[in-house]
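Participant: Structure provided below as structure tokens; questions to follow.
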There are 2 protein chains.
Amino acid sequence: MPSQLPTFDDVIDAAARIAPHAQLTPVLTSRTLDALTGARLFFKAEHLQRVGAFKFRGACNAVWSLQAATAARGVVTHSSGNHGAALALAARTRGIPCHVIVPDNAVAAKRASIERQGAVLHLCAPSIEAREAMCAQVQAETGAELVHPYADARVIAGQGTATLELLAQSGGLDVVIAPLGGGGLGAGTALALHGRAPQAELWLAEPAGAADGAASLAAGALRTDIVPDTVCDGLRGKLGAPNLALLLAHRAQAVTVEDADTIAAMQLLWQVLKQVVEPSSAIALAALLSRREALAGKRVGVILSGGNVDLAALPWLAAA
Amino acid sequence: MPSQLPTFDDVIDAAARIAPHAQLTPVLTSRTLDALTGARLFFKAEHLQRVGAFKFRGACNAVWSLQAATAARGVVTHSSGNHGAALALAARTRGIPCHVIVPDNAVAAKRASIERQGAVLHLCAPSIEAREAMCAQVQAETGAELVHPYADARVIAGQGTATLELLAQSGGLDVVIAPLGGGGLGAGTALALHGRAPQAELWLAEPAGAADGAASLAAGALRTDIVPDTVCDGLRGKLGAPNLALLLAHRAQAVTVEDADTIAAMQLLWQVLKQVVEPSSAIALAALLSRREALAGKRVGVILSGGNVDLAALPWLAAA
């Protein structure tokens, strides 16, 4: 099932499945940011989701989709951060084991968050080979079910539920913009958005230093030769195959953003919206600010995907 | 009228008066912070109020309480920050002039915010004498109405509207805690809280380095001999006379907090609640953390009073 492409109905099913566990996050608005962009912005506050990121939606849908016998053997994933914590918590809501394989250079706050949720942490070298070897080993030893961070139909359907809510809460949108990493959020957003609003546009904000998604969309085929170099630690993953297929089918448009613009947008969101969001979220506002002329008067949904910033990196706060 | 003590009915009237202009701010909750305190916490997000602080409520109520002829001459106040920006915006909603007297050592972000709202800024030396002299001069020259930051019945009644909303949004509370500076928020909270829930307790969090409020409540009379020394720039003002009278009548309890504990609580609110709040707000959570044993199982409202932090003081963000 994970390799099949999910549909809009899967997003609807996911919404019902995760409702007892996930947070219905608020939608925030700002007169100041509307004036700055010329649009009417609706910020879906997924940094206020459980574990501080939309990732809980997909992980929760995957965990609660499992048959009881499969579930009992547990779940396993590899993740540099938010998906690991999300799967750990999702497993805990069902009382099943969870194993997370984490590169040993991952952000400290995200590693701590995974452990706090009660998962077994397996550190590996920061290479795809080391990660896959350890993942295979854990699967062999435990029989745990792999829940890939984004190239998984259950995960994609779960991520789409944020946009179902956003559309209802905002009263309709012309454009939705989401950050693009592996494409779990992008593909889920595409399904939810066009299931409800076929004419709406889907924009995807991607770091210029990790723009394999934009290149893949342009080429119509996966580009795997790009080495990520960006502060957006949540967006360094390579676009997945089912994710690309869905994004092409939904005519998603990529907008690439320089890191400096992302950090400036993050500062704006902290200062004006008073929300602690991570760079991988702020990139969406940066993308909008670079495309102001196309936004005049439009109703735009912005997915604030996560808020797991390492505050220890802020000397002013750490000094206290 | 400003020197009379306001009543619960004045809070009800204020709520209707400011409704067209003020934001109905959300109430946030956190499983993590509930676990940490042993209470059920309801955070009233007044840092998401217009101009980023509850102060807009009182200022707006004062401005829209004025007779047309008085209003036409404008309003004037002295403020180190949030009240100045709030009165400036409130005046703008009514299309009348506003003058703000600001000490020349005020936080840059707050000065900029006052000017952005279109008020005339008058800088003075950071002493009470210099401030009052300039205030008298502006009043004499313009006929503007003085709207004191906290020792004003209209302002107190306006601040109470946050707690009216909080009580409705939370479904009832055993304790409400608010920061204590001049006592505008404290006195307004007292009126609203006991108007709806006579048995509920009112706690007030005050910096140990500016604890004239705690000393005044203990003495039953204003203590004016304390020189403030605290990072909580919004809580350096001296408790006002009408404010003390109301707080005594409502048996408010002061809890004093060291700055280091306030900064630690601020970091918690940024990290866990993902909200950018200023030290003068975070002090309320610090006070709760110091009184955990008294809170077990209680429903506690926490007023997050403002979020106007000078992010330029964060080198990590400023470097971008």
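Participant: Efficiency by 1/(1 + (r/R0)^6): what FRET value for residue A:249 and residue A:197, r their Cβ-Cβ distance, R0 = 22 Å, to the nearest 0.05? Display every interim value, and only then the final one.
Facilitator: Values: r = 16 Å, r/R0 = 0.72.
Between residue A:249 and residue A:197 the formula returns 0.90.
Participant: Let's test the formula: R0 of 60 Å, r as the Cβ-Cβ distance of residue B:5 and residue A:241. What FRET efficiency results, to the nearest 0.05?
Facilitator: On the way: r = 70 Å, r/R0 = 1.17.
According to the calculation, E is roughly 0.30.
Participant: Would you mind giving the mean number of other chain beta-carbons within 10 Å of the Cβ of each residue in A:248-260, as a whole number?
Facilitator: 0
Participant: Between the alpha-carbon centers of the range A:236-257 and the range A:141-179, tell me the distance in whole angstrom.
Facilitator: Value for the Cα centre distance between the two parts: 14 Å.
Participant: GNM, chain A, Cα, under 10 Å: largest mean-square fluctuation among A:186, A:237, A:38?
Facilitator: Of the options given, A:38 has the highest mean-square fluctuation.
Participant: While we're looking at this one, here's another question. Considering every residue in A:273-280, what mean count of other chain Cβ atoms within 10 Å of its Cβ is obtained?
Facilitator: Working: counts 4, 15, 8, 9, 2, 1, 1, 0.
Partner-chain Cβ atoms within 10 Å, mean over residues of A:273-280: 5.
Participant: Using a 1.4 Å probe on the protein heavy atoms, what percent of the accessible area of the range A:56-146 belongs to carbon and sulfur?
Facilitator: Looking at the range A:56-146 in its full context, I get 51 percent from C and S.
Participant: Taking each label point as 7 Å beyond Cα in the direction of the beta carbon, state the distances from residue B:294 to the same residue in the other copies, shortest first, in nm.
Facilitator: Residue B:294 label point versus its equivalents elsewhere: 5.7 nm.
Participant: What does the C-alpha gyration tensor say about the overall shape of the range A:1-101? Classify as rounded when a/c is under 1.5, otherwise prolate if a/b is larger than b/c, or oblate.
Facilitator: Details: a/c = 2.51, a/b = 1.97, b/c = 1.27.
It comes out prolate by the Cα gyration axes.
Participant: To the nearest 20 Debye, how big is the dipole of the range A:56-146 about its Cα centre, given +1 on the beta carbon of each Lys and Arg and -1 on that of each Asp and Glu? Kindly include the intermediate steps, with their values, before the conclusion.
Facilitator: Values: 8 positive and 6 negative charges, 79 e Å.
The dipole of the range A:56-146 has a size of about 380 debye.
Participant: Under the 0.36 nm per residue contour assumption, what length would be gained going from the current alpha-carbon distance of residue A:127 and residue A:34 to full extension? List each step's numbers first, then the result.
Facilitator: Working: separation 93, 0.36 × 93 = 33.48 nm, distance 4.16 nm.
Result: 29.3 nm gained on full extension.
Participant: Roughly what % of DSSP beta bridges within the protein assembly as shown run antiparallel, to the nearest 5? Can you show the working numbers first?
Facilitator: Details: 7 of 67 bridges.
Among the beta bridges of the protein assembly as shown, antiparallel pairing accounts for roughly 10 percent.
Participant: Give me the net charge of residue B:276's neighbourhood, meaning all other residues with Cβ under 14 Å from the Cβ of residue B:276; Lys, Arg count +1, Asp, Glu -1. Can you show the working numbers first?
Facilitator: Working: positive: A:274, B:274; negative: A:278, B:46, B:278, B:310.
Every neighbour counted, the sum reads -2.
Participant: Between residue B:69 and residue A:174, how many nm apart are label points set 7 Å from Cα along the C-beta direction?
Facilitator: If labels sit at residue B:69 and residue A:174, their model points lie 4.9 nm apart.
Participant: Ranked from highest to lowest mean number of other Cβ atoms within 10 Å per residue, what is the order of the peptides A:248-254, A:94-100? Please report the intermediate quantities before stating the final value.
Facilitator: Values: A:248-254: 16.6, A:94-100: 20.1.
In decreasing order of mean packing, A:248-254, A:94-100 become A:94-100, A:248-254.
Participant: Could you name the aspartates and glutamates in cross-link range of residue B:110, using Cα to Cα under 15 Å and dropping any fewer than eight places away on the same chain?
Facilitator: B:233, B:278, B:310
Participant: Which residue, B:254, B:279, A:6, has the largest displacement toward the positive end of the dipole of the protein assembly as shown when charges sit on each Cβ (Lys, Arg +1; Asp, Glu -1)?
Facilitator: With unit charges placed on the Cβ atoms, the residue in question is A:6.
Participant: Per DSSP helix of 4 or more residues, -39500 (n - 2.57); summed, then divided by the residues of the protein assembly as shown. What does that give at 222 nm, rounded to the nearest 500?
Facilitator: -13500 deg cm²/dmol
Participant: Using only atoms on other chains, find how many Cβ atoms lie within 10 Å of each Cβ of peptide A:299-311 and report the average. Write out the running numbers ahead of the final one.
Facilitator: Working: counts 0, 0, 0, 0, 0, 1, 0, 1, 6, 2, 4, 2, 7.
Mean partner shielding for this stretch: 2.
Participant: Rolling a 1.4 Å sphere over the protein heavy atoms, what is the accessible area per residue of the protein assembly as shown, to the nearest Å²?
Facilitator: 36
Participant: Run the label-point distances for residue A:40 please: 7 Å along Cα to Cβ, every other copy, nanometres, shortest first.
Facilitator: Sorted ascending, the copy-to-copy spacings read 3.6 nm.
Participant: For the range B:116-246, what is the charge dipole size about the Cα centre, in debye to the nearest 20, if Lys and Arg each add +1 at the Cβ and Asp and Glu each add -1 at the Cβ? Walk me through the numbers on the way to the answer.
Facilitator: Values: 7 positive and 13 negative charges, 35 e Å.
Taking the Cα centre of the range B:116-246 as origin, the dipole is about 160 debye.
Participant: Sort the range B:56-146 into rounded, prolate or oblate with this rule: let a ≥ b ≥ c be the square roots of the eigenvalues of the Cα gyration tensor; rounded if a/c is under 1.5, and if a/c is not under 1.5, prolate when a/b is larger than b/c, oblate otherwise. Write down the numbers at each step before the final one.
Facilitator: Numbers: a/c = 2.09, a/b = 1.29, b/c = 1.62.
Note, shape of the range B:56-146 comes out oblate.
Participant: Taking the 0 to 90 degree range and rounding to the nearest ten, how far is the long axis of helix B:259-271 tilted relative to the main principal axis of chain B, both from C-alpha atoms?
Facilitator: On a 0 to 90 degree scale, this one is about 80.
Participant: Treat every Asp and Glu Cβ in the range A:1-132 as -1 and every Lys and Arg Cβ as +1, leave all other atoms uncharged, and give the resulting dipole magnitude about the Cα centre to the nearest 20 debye. Please list the in-between numbers first.
Facilitator: On the way: 14 positive and 9 negative charges, 81 e Å.
Charge dipole, the range A:1-132, about its Cα centre: 380 debye, nearest 20.
Participant: DSSP beta bridges in chain A, what fraction antiparallel, as a percent rounded to 5? Write out the running numbers ahead of the final one.
Facilitator: Details: 3 of 33 bridges.
Percentage antiparallel, nearest 5: 10.
Participant: Which of the peptides B:223-232, A:204-213, B:257-266 is most tightly packed, and how do the rest follow, judged by the mean count of other Cβ atoms within 10 Å per residue?
Facilitator: Per-residue Cβ counts within 10 Å, averaged per peptide and sorted highest first, yield A:204-213, B:257-266, B:223-232.
Participant: Place the peptides B:174-182, B:192-200 in order of packing, highest mean first, counting for every residue the other Cβ atoms within 10 Å and averaging per peptide. Can you show the working numbers first?
Facilitator: Details: B:174-182: 27.6, B:192-200: 17.4.
In decreasing order of mean packing, B:174-182, B:192-200 become B:174-182, B:192-200.
Participant: Taking the label point 7 Å from Cα in the Cβ direction, how far apart in nm is residue A:127 from each other copy of itself, listed shortest first?
Facilitator: Those separations, rounded to one decimal, come out as 7.1 nm.
The values are calculated or read from the model by the stated rules, or taken from the named source; none is laboratory data. Values in this document were obtained by computation on a predicted structure and should not be read as measured data. Virtual Cβ from ideal backbone geometry, glycine too; neighbours counted across all protein chains shown. The protein model used for the area step is the full one, side chains on, heavy atoms only, and it has no ligands, DNA or RNA in it. Shrake-Rupley method; radii C 1.70, N 1.55, O 1.52, S 1.80 Å.
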